[in-house]
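The values are calculated or read from the model by the stated rules, or taken from the named source; none is laboratory data. Because the structure is predicted, anything quoted here is derived from the model rather than measured. Glycine gets a Cβ as well: all are built from the backbone with ideal geometry, and neighbour counts include every protein chain shown. When the accessible area is computed, the model is the full protein with side chains, heavy atoms only, and any ligands, DNA or RNA have been set aside. Shrake-Rupley method; radii C 1.70, N 1.55, O 1.52, S 1.80 Å.
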Amino acid sequence: YDLANGVGNLAGRPISFMITNTTDSHFTNLRFVQSQFWTMAIKNAEDVLLDSIYINSTSSTSASTINTDGVDTFYSNRITFRNWTVTCGDDNISTKANSTNILIQDSVFHGGRGIAIG
């Protein structure tokens, strides 16, 4: 976070985990700490369950954690987020660009802006 120094879209900040062109899949018990940009992005996916996911994108200094979304979805359908714990500096879960039938269950969000649609 010190390198970005409050710049939200600094080039080179990686997305930690990408799920693309995926159908009928389960992802469970994943843990992410100090993601430098969006922790996860889901694109062109359908019938995906993400269960027991832990994300903590907090700074150990006074540096801003801007744009550290927990997860963003694009062109995805029937995505279930179950048992998530997310602490971040932006959207905890963000559904974007033609994402439909999104279910969020038994999840806790700290900091961040909660759930963003659009």
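Listed values, structure above:
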quantity	calculated
Hits in the stretch 27-47 - residues which are over 14 Å from N77 (Cα atoms) and either touching a strand residue (DSSP E or B) at 6+ places or on another chain (Cβ under 6 Å) or part of a strand (DSSP E or B) (or both)	F27, T28, N29, L30, R31, F32, V33, W38, T39, M40
In the stretch 3-26, the residues that are exposed (fewer than 14 other Cβ atoms within 10 Å of the Cβ) and either in contact with a Lys or Arg (Cβ under 6 Å, 6 or more places away or on another chain) or closer than 20 Å to S76 by Cα (or both)	M18, T20, N21, T23, D24, S25, H26
The stretch 89-114 - residue that is in contact with a strand residue (DSSP E or B) (Cβ under 6 Å, 6 or more places away or on another chain) and assigned to a loop (DSSP other than H, G, I, E, B) and, of those, most open to solvent (accessible area, probe 1.4 Å)	D106
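For every residue, the table says whether it meets (1) more than 21 Å from N83 (Cβ to Cβ); (2) modelled with pLDDT under 95; (3) among the hydroxyl-bearing types (S, T, Y).
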residue	(1), (2), (3)
N21	yes, no, no
S25	no, no, yes
T28	no, no, yes
V33	no, no, no
T39	no, no, yes
V48	no, no, no
D51	no, no, no
T58	no, yes, yes
A63	yes, yes, no
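For every residue, the table says whether it meets (1) without any contact (Cβ under 8 Å) to a residue 24 or more places away in the chain; (2) within 19 Å of T22 (Cα to Cα); (3) surrounded by fewer than 20 Cβ atoms within 10 Å (Cβ to Cβ).
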{"site": "D47", "(1), (2), (3)": "no, yes, yes"}
{"site": "D51", "(1), (2), (3)": "no, yes, yes"}
{"site": "Y54", "(1), (2), (3)": "no, no, yes"}
{"site": "T58", "(1), (2), (3)": "no, no, yes"}
{"site": "T61", "(1), (2), (3)": "no, no, yes"}
{"site": "N67", "(1), (2), (3)": "no, no, no"}
{"site": "V71", "(1), (2), (3)": "no, yes, no"}
{"site": "S76", "(1), (2), (3)": "no, yes, no"}
